[in-house]
Amino acid sequence: MDKYLIVGLGNIGPEYEKTRHNTGFMVLDAFAKASNIVFADKRYGFVAETSLKGRKVILLKPSTFMNLSGNAVRYWLNHEHIEQSRLLVVSDEVALPLGAFRLKASGSNGGHNGLGHIQQLIGQDYARLRMGIGNDFPRGMQIDWVLGRYSEEELQTLQPAIDTAVEIIRSFVLAGIDVTMNQFNKLGKGKVDGGKNNG
C-alpha cells in the first residue's frame, strides 16, 4: 500500500492553541475532523491514520516544538518507510497575507524555524504548503506576532484557506504534487489584500 506522511507544524500545549504559528496543526485538525479520525500521542508527535482510495495517510503533529520538527519528520518517514516524495509539510508563512496559501514541490525554508530544522535533517526536496498569516507587526516583533492568537475575525478570514488546505492534502495523495499545484495555487493568491500578492 502506498503511504503518505502529512505533517502540520506547530507547538504542543494549550498556551499555543489558535496561535498563528500553529496554523499547520489547525489544518491537520480540520483534515482529521473531516475524516472522522483522532490523534494518538505517539513517539515524537500526535499521529492519526486514515486511507484514501487504498492509500494510507499518516497525519503527524510533532510534539518536539517547532525548532526541532525535523526529528519527528525524519523518524516517521523512516519508521513507516515512506518516500520523501510522499511527504507534505504544512506551515505558517508571514510573507503571505492572511487567507492566502502557496504549495511548492521543494525550496528553501524562508526563515521558518520548523522548515529549517527539517531541511537540516532531510534536505529541501519535499512538498510544503505555506499558509499565509500576514505580517502586520512592527519591526523586531515577529516572534510576538507568530506566537500571538488569532482574533475571531482573523479566524473567519483563515477558515476558507483551511478548508481548501484539506482539499489540497486529498489531492496531493490522490493526484500528486504537480496536478495539485496547478489546480490550487491560482486559488491561493491573497484575495485578502485586494488580490495583490506579496509572496
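The values are calculated or read from the model by the stated rules, or taken from the named source; none is laboratory data. Every value quoted in this text rests on a predicted model; they were computed, and no experiment measured them. Using ideal geometry, Cβ is built from the backbone for each residue, glycine included, and neighbour counts are taken over all protein chains shown. For accessibility, only protein heavy atoms count, side chains too; no ligands or nucleic acids. Shrake-Rupley method; radii C 1.70, N 1.55, O 1.52, S 1.80 Å.
What angle, in degrees between 0 and 90 and rounded to the nearest 10, separates the Cα long axis of helix 152-175 from the longest principal axis of the Cα atoms of the chain?
Its long axis makes an angle of about 30 degrees.
Any chance you could give the angle, 0 to 90 degrees and rounded to 10, that helix 23-34 forms with the longest Cα principal axis of the chain?
Taking Cα atoms only, the helix is inclined about 50 degrees.
Work through the residues other than ILE162 whose Cβ is under 11 Å from its Cβ and net out their charges, Lys, Arg +1 and Asp, Glu -1.
Values: positive: LYS33; negative: ASP29, ASP163, GLU167.
Neighbourhood net charge equals -2.
Most fluctuating residue of LEU115, LEU52, LEU68 in a GNM of the chain with Cα springs under 10 Å: which is it?
LEU52
Of all the C-alpha pairs in the chain, what % are more than 31 Å from each other?
On the way: 1938 of 19701 pairs.
More than 31 Å apart: 10 percent of the Cα pairs in the chain.
As a quick test, which of the pairs LYS33/LYS61; LYS33/LYS189; LYS3/LYS33; LYS42/LYS104; LYS61/LYS186 have an alpha carbon distance above 22 angstrom in this structure? Mind showing how you got there, number by number?
On the way: LYS33/LYS61 14 Å; LYS33/LYS189 26 Å; LYS3/LYS33 20 Å; LYS42/LYS104 28 Å; LYS61/LYS186 27 Å.
Over 22 Å Cα-Cα: LYS33/LYS189; LYS42/LYS104; LYS61/LYS186.
With every protein chain kept in the model, how would you rank LYS186, LYS61, LYS3, LYS18 by accessible area, 1.4 Å probe, largest at the top?
Output order, biggest surface exposure first: LYS186, LYS18, LYS3, LYS61.
What residues have an amide H closer than 5 Å to that of SER106, excluding those fewer than 5 places away on the same chain, when H is modeled at 1.01 Å from N in the peptide plane?
ARG128
If you build a Gaussian network model of the chain, linking Cα atoms that sit under 10 Å apart, which residue out of ILE143, ILE37, ILE169 swings the most?
In this elastic network of the chain, the residue with the biggest mean-square fluctuation among ILE143, ILE37, ILE169 is ILE143.
Compare TYR44, TYR75, TYR150 in a GNM of the chain, Cα atoms joined below 10 Å, and give the one with the largest fluctuation.
TYR75
Quick one: 3J(HN,Hα) in Hz for segment 46-60, Karplus 6.51/-1.76/1.60 with θ = phi - 60°, rounded, Gly and Pro as x.
Per-residue couplings from phi come out as 9, 10, 9, 10, 8, 9, 10, 6, x, 10, 7, 10, 10, 9, 10 Hz.
On the accessible surface of segment 1-83, probed at 1.4 Å, how many percent belong to carbon and sulfur atoms? Could the numbers behind the result be given before it?
Working: 1800 of 3800 Å².
Result for segment 1-83: 47 percent of the exposed heavy-atom area is carbon or sulfur.
Just tell me which aspartates and glutamates come within less than 15 Å, Cα to Cα, of LYS53; anything on the same chain fewer than 8 places away is out.
Straight-distance partners of LYS53: ASP2, GLU167.
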